[in-house]
Amino acid sequence: MHGVLNTDNFNITGESFDYGPWRFLPSFEPGLTAAYFDQTGRYAYGRQSDAALWAVCRLADCFVKLVPQKDLEDRLAAFYPLLEARLAKQMQWRLGVVFDEEDPARDAALARDIFGAANQSQCGFDQMFHDLYGGKARVDGYDDDCWRPVLEALQAAKPRNPAALDHPHFQSAKALSMTIDEVEAIWAPIAASDDWSLLSDKIAAIHQMRYAYVW
C-alpha cells in the first residue's frame with residue numbers, strides 16, 4: 001500500500017513509485033493508512049483506486065484541447081470496470097489458480113467473496129493467499145461460513161502450476177510478508193550493532209518466493 005499516492009508518484013505508464021511511507025496489510029482493513037500525516041485517510045488502502053483515478057483524470061486534463069471530450073469521458077468511465085476485472089484476475093494469480101473458461105461475473109464474485117471473508121475472519125492478508133494457494137485450503141482454519149463461497153468457487157479452478165505446490169516456499173507454514181512490526185524488528189539490530197543478517201535472510205526469502213510463483 002502506497003502512503004502518498006498523488007500525481008507526483010505516478011509515471012506516464014501507470015506505475016507508482018517513491019514508496020516513502022508504505023505498509024503491507026496485516027489483515028484486511030480498508031481504512032489503514034501508511035503515512036502518519038494522512039490524518040483524513042486520503043490514501044487509505046480502500047481509497048487507492050480513487051487516488052489512481054484522480055491521477056488519470058489529471059492526465060486527461062492535459063489532452064482536452066487535443067482529444068474530443070466524449071472520448072476522454074468514455075475512457076475514464078471504463079476505469080473502475082477495468083480495474084475490478086484486472087484485480088479479480090490478479091487475485092487468481094496470487095492464489096495460483098486458473099479456470100478453463102472465461103467468466104467475468106464469476107471472477108468478480110470470487111474477488112468479492114475473498115474480500116468479504118478476509119474482512120470477516122481478519123486472518124492475515126498474505127497468509128490467506130499462502131494457505132489457499134492452488135485452490136484448496138492447505139491448512140485448518142478455513143471452515144467458517146464466510147469462507148464457504150470462496151472454497152466452493154475454487155472447486156471449479158485448477159492449479160496454475162501444480163509443481164509449484166512442492167516448492168519450499170509453499171511448504172512453509174508462515175506466509176512471507178513485510179508488516180511494519182517485522183520491518184522494525186529487522187531494523188533494530190542494524191541500528192544497534194550494524195547486524196544485517198535479518199535483512200539478508202528476508203531478501204533470500206523474497207527471492208525464494210519469486211521463484212515459487214514463476215516456477
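All of the numbers you see were taken from the coordinates with simple rules; none came from a lab. Since the model is a prediction, treat every value here as computed from it, not as a measurement. Positions of Cβ are backbone-derived with ideal geometry, glycine not excepted, and every protein chain shown enters the neighbour counts.
Here's the list of lysines a cross-link from LYS136 could span, going by alpha-carbon distance under 29 Å and ignoring same-chain residues fewer than 8 apart: LYS89, LYS158, LYS174, LYS202. The distance separating the Cα centre of region 24-74 from that of region 152-215 comes to 29 Å. Among (1) 116; (2) 156; (3) 216, which is the computed volume of the Cα convex hull per residue in Å³? Of the listed options (1) 116; (2) 156; (3) 216, (2) comes from this structure. Computed as a quarter of the hull surface, the mean projected area of the alpha carbon convex hull for region 1-77 stands at 5.8 nm². Annotation for region 105-199: chymotrypsin sites (Phe, Trp or Tyr not before Pro) lying in DSSP loop with at most 16 further Cβ atoms inside 10 Å of their Cβ are TRP196.
Loop-located trypsin sites (Lys or Arg not before Pro) in region 1-108 (DSSP state other than H, G, I, E, B) with a sparse environment of at most 11 neighbouring Cβ atoms within 10 Å: LYS65.
About the Cα centre of region 68-215, what is the dipole size in debye to 20, counting +1 per Lys and Arg Cβ and -1 per Asp and Glu Cβ, all else neutral?
Dipole about the Cα centre, nearest 20: 360 debye.
Across region 88-215, Cα-Cα pairs farther apart than 16 Å form 65% of the total. Each of THR33, THR179 has some number of other Cβ atoms within 10 Å of its Cβ, and from fewest to most they run THR179, THR33. Taking chymotrypsin sites (Phe, Trp or Tyr not before Pro) across region 1-79, the ones in a DSSP loop with at most 11 further Cβ atoms lying within 10 angstrom of their Cβ are PHE17, TYR36, PHE37.
Within the chain, which is the longest segment that contains none of the GluC sites (Glu not before Pro) sitting in a DSSP loop with at most 16 other Cβ atoms within 10 Å?
103-215
Note on LYS158/GLN48: beta-carbon distance plugged into 1/(1 + (r/R0)^6) with R0 of 41 Å gives a FRET efficiency of 0.85.
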